[in-house]
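First comes the structure, then the notes that go with it.
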Amino acid sequence: MRTPVVLLAGVAPEPLTATTLALQLDLPDAVVVRHHIDPEAGTLERVVSDATGLVERHLVELAHACVSCALREDVLPTLHRLAGEGRWSAIVAHLPVSAEPGQICEVLLRDPRLARRLRVASVVTALTGPRVVPDLLGDDVLAERGLHTAHDDERGVAEVACSMVEYADAVVLCDGEGPEQAAGLVRALARPEVPVVTDPTLLDAGLLVGHLHDHEATGCWTRTLTTVPHDDPVATGLWRLDLRSERPFHPGRLLDDLEVLGGGPHRSRGTFHLPARTGQLLEWDGAGGQLSIGREGPYLRRTLRTRLVMTGLGEAPGHLVDAFERLLLQPGEESGFRGVAEDGFEPWLGPTRAVA
């Protein structure tokens, strides 16, 4: 019988701690595993506790202080070991601050040895209510808050927090509800069926250790926007644009004006394609003015779409719709990219000939 695991993720220690304590009280037969990465010391601290108190505390020296090393060297082995002891009905895993839970879910899907003992029951994202808006739409980077997990961790707080909300099976806003739009913004980014509560004591612990996590549904929501609908209205005080076209972006205009669509205090994500990269669907992932692009996967030419879904507070900036249209390839321009060896996106996407 596999042991259910509740994964707790967040971008600040306080809401993670509050949520962990609430679940520990509601699940007296569970064991709690807390991991903390110190990138300066190059160490990973592991604390295991249950209803009886402290079970173990251990400091691990990492060859390279980063989330991937922590997961590989201690987090997953510890979860596997505790499940094998058969002493607890469930595991609550307090992940390192800013560690994204999707990595654990992916490993469990690929590793049958781990999957024989463990199953992800739910993923809970814990945020600070009063800081929800700046955390999801601001331009801070993790290192500025001392929340980075490695010396070369240049991730933005917003890109991590947004991805956590979108991946979550439940979201909790601690320390008060925050500004009026906070919960509405979270609901606009999360999957439609995901509960959003304003206190960790309101979480349904029994539901969390059941079968709440659906990897296929989560993947559909987070990995691609080619088929996912965004027709539900957003809360008052928020805006959403769902920009679509069958045409690719013009690489030169896009490269010159990436910040026109990718900059600003909003969440933007989607897919696009470029004329010289035949059959390659590309990923767009932006938050708080920071933008990353990459390869989403190979697709048949007839299924290629350009689609960006943007969400923010207040009223939608008036330039976005016109900018989207201007950056698209216009009729008659596609012939100029046949056989093109370079389109300017090689530093991010590799050579065009690799996908031709």
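The values are calculated or read from the model by the stated rules, or taken from the named source; none is laboratory data. As the structure is a computational prediction, the values presented were derived from the model and not from experiment. Quick reminder, even Gly has a Cβ in these numbers, built from the backbone with ideal geometry, and neighbours come from all protein chains shown. Surface accessibility is based on the protein's heavy atoms, side chains included, excluding ligands, DNA and RNA. Shrake-Rupley method; radii C 1.70, N 1.55, O 1.52, S 1.80 Å.
A few remarks follow.
- Between the residues 17, 263, 291, the greatest Cα displacement towards the positive end of the dipole of the chain, with unit charges on the Cβ of Lys, Arg, Asp and Glu, is found for 291.
- Beta bridges from DSSP with both residues in segment 6-147: antiparallel share about 55 percent, rounded to the nearest 5.
- Helical content of the chain, expressed as a calculated mean residue ellipticity at 222 nm, amounts to -7500 deg cm²/dmol (DSSP H runs of 4 or more residues, -39,500 (n - 2.57) each, divided by residue number, nearest 500).
- Rounded, prolate or oblate (a/c below 1.5 giving rounded, otherwise prolate when a/b exceeds b/c) for segment 112-174 by Cα gyration tensor: oblate
- The spacing between segment 244-276 and segment 4-56, judged by their C-alpha centroids, is 40 Å.
- Over segment 9-115, relative contact order from alpha-carbon pairs under 8 Å, at least 6 apart, %: 32
- Whole-angstrom gap from segment 156-216 to segment 124-149, using each part's C-alpha centre: 14
- Residue ranges 193-200, 101-108 sort as 101-108, 193-200 when ordered by packing (mean number of other C-beta atoms within 10 Å per residue, highest first).
- Spacing of the modelled spin labels on residue 29 and residue 319, each 7 Å from Cα toward Cβ, amounts to 5.9 nm.
- Entry for the chain at q = 0.07 Å⁻¹: log10 I(q)/I(0) = -0.32, Debye formula applied to identical alpha-carbon scatterers, no solvent contribution.
- With the whole protein complex present, residue 40 retains an accessible surface near 130 Å², based on a 1.4 Å probe.
- Portion, in percent, of the accessible area of the chain that falls on carbon or sulfur, probe 1.4 Å: 52
- Prolate/oblate/rounded call for segment 87-217, Cα gyration tensor, a/c under 1.5 rounded: oblate
- For the chain, the per residue solvent-accessible surface stands at 44 Å², with DNA, RNA and ligands left out and a 1.4 Å probe.
- Viscosity 0.692 mPa s, 37 °C: Kirkwood-radius Stokes-Einstein D of segment 22-126 over Cα pairs, µm²/s: 232
- Global form of segment 214-288, assessed from the alpha-carbon gyration tensor, a/c cut-off 1.5: oblate
- Summed residue charge, Cβ within 15 Å of residue 28's Cβ, Lys/Arg positive, Asp/Glu negative: -2
- Net charge of Cβ neighbours under 10 Å - reference residue 234; Lys, Arg +1; Asp, Glu -1: +1
- Degrees between helix 76-85 axis and first principal axis of the chain (Cα, 0 to 90, nearest 10): 40
- Taking every DSSP beta bridge that has both ends in the chain, the antiparallel portion is near 65%.
- Most fluctuating residue given options 275, 233, 15, as computed from a GNM of the chain linking Cα atoms under 10 Å: 233
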